[in-house]
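Report on the following structure.
The values are calculated or read from the model by the stated rules, or taken from the named source; none is laboratory data. Just so you know, these numbers come straight off a predicted model, no measurement behind them. Glycine gets a Cβ as well: all are built from the backbone with ideal geometry, and neighbour counts include every protein chain shown. Side chains included, ligands, DNA and RNA excluded: accessible areas come from the protein's heavy atoms. Shrake-Rupley method; radii C 1.70, N 1.55, O 1.52, S 1.80 Å.
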Amino acid sequence: MPGMTITEKVLARAAGHESVRPGDLVMVRVDLAMGNDVTAPVSIKRFKELGVERVWDPSKIALVPSHFVPAKDIASAGLMMSMRGFAREQGIEHFFELGRGGIEHILLPQEALALPGMVIIGADSHSCTYGAVGAFSTGVGSTDLAAVFATGEIWLRVPESVRFVYEGRPGPWVIGKDLILSVIGQVGDDGCAYQAMEHTGPALAHLSQDSRFTLANMAIEAGAKSGIIAPDEVTLDYVRARQAATGRVREFPVDASDPDAEYAATHTIDVSALEPQVSLPSLPSKAEPVSQAERVAVDQVFIGSCTNAKIEDLRIAAHILRGRTADPRVRLMVIPATQEIWKQANEEGLLQIFAAAGATVSTPTCGACLGGHMGVLGPGEVCVSTSNRNYVGRMGHREAKVFLASPAVAAATAVLGRLAHPDEVGVEPPDMALMSRGPGAPLVAAGTAVAEGGAAR
Amino acid sequence: MIVEAIGHVYGDNVDTDVIIPARYLTSTEAEELARHCMEDLDAEFVSRVRPGDVMVGGRNFGSGSSREHAPLAIKGSGISVIVAESFARIFFRNAVNVGLPIVECPGVTEDAATGDVFRVDLDEGIVENVTRGKRFAATPLPPFMQEILDAGGLMPWVARRTKTGGASGSSGTPGVAVGVPEGEPPQADWRLD
């Protein structure tokens with residue numbers, strides 16, 4: 001019998017089996033169930049329709065208002081009231097109020113709630129992000145989440161795994177976003193449909209935890225069920241730092257794929273040869289090197305979302321924007337992923353750099369990424385965005401055009417008023433060790449509160 | 001179930017953002033969502049669709065966001081079944097969970113156009129484009145997913161099983177279980193989750 005992949009090992013443990021194979025249907029115990037302000041209110045409605053009084057385990061549920069925060073209108077205020085009421089009624093402690101939360105996919109690892117070896121079910125397609133700490137994590141809809149609220153279990157088909165082996169060392173400006181855009185360009189928008197993407201290889205040693213979140217985050221844009229990276233020292237340092245900072249210290253299993261595990265396919269990527277990437281409208285798979293892309297004039301640059309609004313992303317953007325201003329024709333928006341990151345960026349002086357560059361800096365929200373609110377695009381407008389989707393109508397009007405790129409490309413584009421390679425700005429590439437300094441670009445660095453009693457908040 | 005009705009035909013990668021744009025996600029009601037279904041891709045759809053019609057898509061139908069509002073909007077618009085070359089995973093689960101029949105059928109968009117009449121036999125797994133005289137084999141649903149659809153969705157199915165005591169072994173709330181599909185033989189070609 002061949003060995004198992006990390007995905008198979010996590011699922012087998014959660015199903016109570018010695019081993020599982022791709023194609024098996026299993027019932028798995030869920031370690032963490034997450035819903036946001038778009039999906040959770042529907043789950044709550046379904047849960048009540050079922051007539052069950054109590055959720056299976058309030059300590060394993062996280063409710064995160066993120067998409068329409070701060071409430072953009074009366075209807076969205078109602079969605080958040082539904083979550084708040086349910087959290088109180090059911091004793092769900094992990095409800096993250098405005099000003100104390102942020103975008104769920106960065107928030108839950110930061111809060112040491114998403115841990116290696118877990119099965120995490122999130123009612124949001126980018127729930128695959130938690131795979132970056134070695135969890136099996138996938139997105140579902142509201143009804144599946146409601147069933148998890150009631151039972152603590154979910155049926156899953158064990159996915160085939162596709163292995164991505166990254167070799168070499170990333171060149172100047174190249175971060176996780178460039179790797180994953182290039183991979184999606186290679187395999188296509190449904191190239192890993194129903195499968196688990198497993199990221200491995202020696203080049204990962206050069207990728208910070210922040211960059212790894214981006215790698216796992218966009219699994220869904222290749223149609224995948226999940227993305228996963230086996231925890232190594234980078235990940236374990238990050239997780240332990242977050243446990244210490246939040247006081248949520250608990251044991252977790254650390255899994256790795258067996259050497260004889262079987263894969264549906266293996267792709268090898270030489271990251272040394274990779275340039276900063278951009279995905280042209282209106283599919284993430286339309287990725288190409290920025291150096292080859294047409295220098296289209298832009299109306300808006302958005303640095304934000306669960307994909308690229310971590311501290312590393314903000315430091316890279318600030319590295320380019322320091323002492324420079326956005327082109328007068330460009331609206332530049334910077335939206336840190338979580339309140340903790342916002343505070344860290346503030347302490348490091350990054351927010352002042354953005355403001356001086358003519359950017360607007362907002363409180364954490366998914367808003368602009370999905371055309372929800374704050375930064376909605378009008379007809380024919382062009383936006384370079386660090387988010388994950390450039391579909392028709394995604395960020396506003398159906399005739400708006402969205403280009404996906406890294407924070408470095410986005411910041412350079414803001415300065416020059418048109419799509420730009422960071423080299424065109426005339427700034428040296430940053431020392432990436434400095435951008436991602438500390439374990440996984442931790443929020444506990446640079447004199448924040450962890451030193452005193454281990455509580456950062 | 002056999003449906004014979006007009007088809008509304010789309011291409012590849014019909015994502016949930018075009019099925020129901022985020023600007024309408026502050027509503028959770030199928031009737032309200034249906035008023036804006038497909039509007040960024042096909043502004044005429046809402047006025048053209050008739051109860052019982054068929055939606056036909058290419059590859060990767062329902063890609064993107066996990067919003068269950070997407071199958072709810074389509075169901076609310078009166079569409080009785082979606083036939084596509086392939087479906088994105090989360091959409092597939094969501095459609096079954098809200099009781100919207102969905103059939104994977106490679107080849108179905110071949111020469112097809114909106115206005116063609118489609119005949120979908122869900123029991124036999126046969127899809128015909130009557131207008132073009134073409135016949136395709138659909139990928140059958142596994143029995144437990146067919147049961148969920150027949151019950152009208154996951155919640156009615158769970159409720160039914162709970163009442164009849166047909167499920168057990170859950171580690172969650174006593175008496176409530178989603179039901180265990182374990183024991184179904186693994187089928188490598190099932191693209192259902």
> Residue-wise, which Karplus ³J(HN,Hα) couplings in Hz belong to the range A:353-367, taking 6.51 cos²θ - 1.76 cosθ + 1.60, θ = phi - 60°, and x for glycine or proline?
Replying inline: 4, 5, 4, 5, 7, x, 8, 9, 10, 10, 5, x, 6, 6, x
> What number, in percent, do you get for the relative contact order of chain A if the mean sequence gap of Cα pairs under 8 Å and at least 6 apart is divided by its residue count?
Replying inline: 17 percent
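Assuming R0 = 35 Å, can you tell me the calculated FRET efficiency for the pair A:R54 and A:D237, based on Cβ-Cβ distance, to the nearest 0.05?
After rounding to 0.05, the efficiency reads 0.40.
Provide the buried accessible surface between chains B and A in square angstrom, both chains summed, 1.4 Å probe, rounded to the nearest 100.
About 4800 Å² of accessible surface is lost on pairing.
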>> Antiparallel versus total DSSP beta bridges in the range A:195-339: what percent is that, nearest 5?
In response: 30 percent
> At B:R50 and A:S19, where each label point lies 7 Å from the Cα along Cα→Cβ, what is the point-to-point distance in nanometres?
Replying inline: 5.7 nm
>> If you roll a 1.4 angstrom probe over the protein chains with everything in place, what fraction of the accessible area of the range A:278-450 belongs to carbon and sulfur, to the nearest %?
In response: 53 percent
> Which percentage, to the nearest 5, of the DSSP beta bridges contained in chain A is antiparallel?
Replying inline: 20 percent
>> Rounded to the nearest 5, what % of DSSP beta bridges with both residues in the range B:2-141 are antiparallel?
In response: 55 percent
> Applying 1/(1 + (r/R0)^6) with R0 = 25 Å to the Cβ-Cβ distance of B:R160 and A:M81, what FRET efficiency is obtained, to the nearest 0.05?
Replying inline: 0.20
>> For the range A:6-269, what does the relative contact order come out to in percent, with C-alpha contacts under 8 Å and a separation of six or more?
In response: 24 percent
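Kirkwood Rh over Cα pairs of chain A into Stokes-Einstein at 20 °C, 1.002 mPa s: D in µm²/s?
98 µm²/s
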>> Please report the spacing between the Cα centers of the range A:308-362 and the range A:365-442 in Å, no decimals.
In response: 12 Å
>> Under 5 Å between amide hydrogens, which residues at least 5 positions from A:A62 or on another chain qualify, with H placed 1.01 Å from N in the peptide plane?
In response: A:A33, A:M34, A:G35
>> Give me the 1.4 Å probe accessible area per residue for chain A, excluding ligands and nucleic acids, in Å².
In response: 30 Å²
> Average partner chain C-beta neighbours within 10 Å, per residue of A:131-139?
Replying inline: 1
>> Which positions within the range A:176-197 get 10 Å² or more of their accessible surface covered by the other protein chains, compared to the chain by itself, with a 1.4 angstrom probe?
In response: A:D189, A:D190, A:A193, A:Y194
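Summing -39500 (n - 2.57) over the DSSP H runs of n ≥ 4 in the protein assembly as shown and dividing by its residue number, what mean residue ellipticity at 222 nm do you reach, to the nearest 500 deg cm²/dmol?
-8000 deg cm²/dmol
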> So what J values fall out for the range A:175-188 if you push phi through Karplus, 6.51 cos²θ - 1.76 cosθ + 1.60 with θ = phi - 60°, rounded to Hz, Gly and Pro as x?
Replying inline: 10, x, 4, 5, 4, 6, 4, 5, 5, 5, x, 6, 8, x
>> Quick check for me: using +1 on Lys/Arg Cβ and -1 on Asp/Glu Cβ, what's the dipole size of the protein assembly as shown about its Cα centre, in debye to the nearest 20?
In response: 1400 debye
> Modelled label-to-label distance, A:T325 and A:N346, 7 Å Cα→beta-carbon offset: nm?
Replying inline: 2.6 nm
> Each residue of the range B:146-156 in order: what ³J(HN,Hα) in whole Hz does its phi give by Karplus 6.51 cos²θ - 1.76 cosθ + 1.60, θ = phi - 60°, with x for Gly and Pro?
Replying inline: 4, 4, 4, 4, 4, 6, x, x, 5, 5, x
>> Let's test the formula: R0 of 25 Å, r as the Cβ-Cβ distance of A:R169 and A:T360. What FRET efficiency results, to the nearest 0.05?
In response: 0.10
>> Past 19 Å, Cα to Cα: identify those pairs from A:K177/A:K343; A:K310/A:K343; A:K72/A:K177; A:K286/A:K401, in the order given.
In response: A:K177/A:K343; A:K72/A:K177
> Short version: which residues of the range B:11-52 lose at least 40 Å² of accessible area, all chains versus chain alone, 1.4 Å probe?
Replying inline: B:N13, B:D17, B:A22, B:R23, B:L25, B:T26, B:T28, B:D40
>> Rounded to the nearest percent, how much of the accessible area of the range A:1-120 (1.4 Å probe, protein heavy atoms only) is carbon and sulfur?
In response: 52 percent
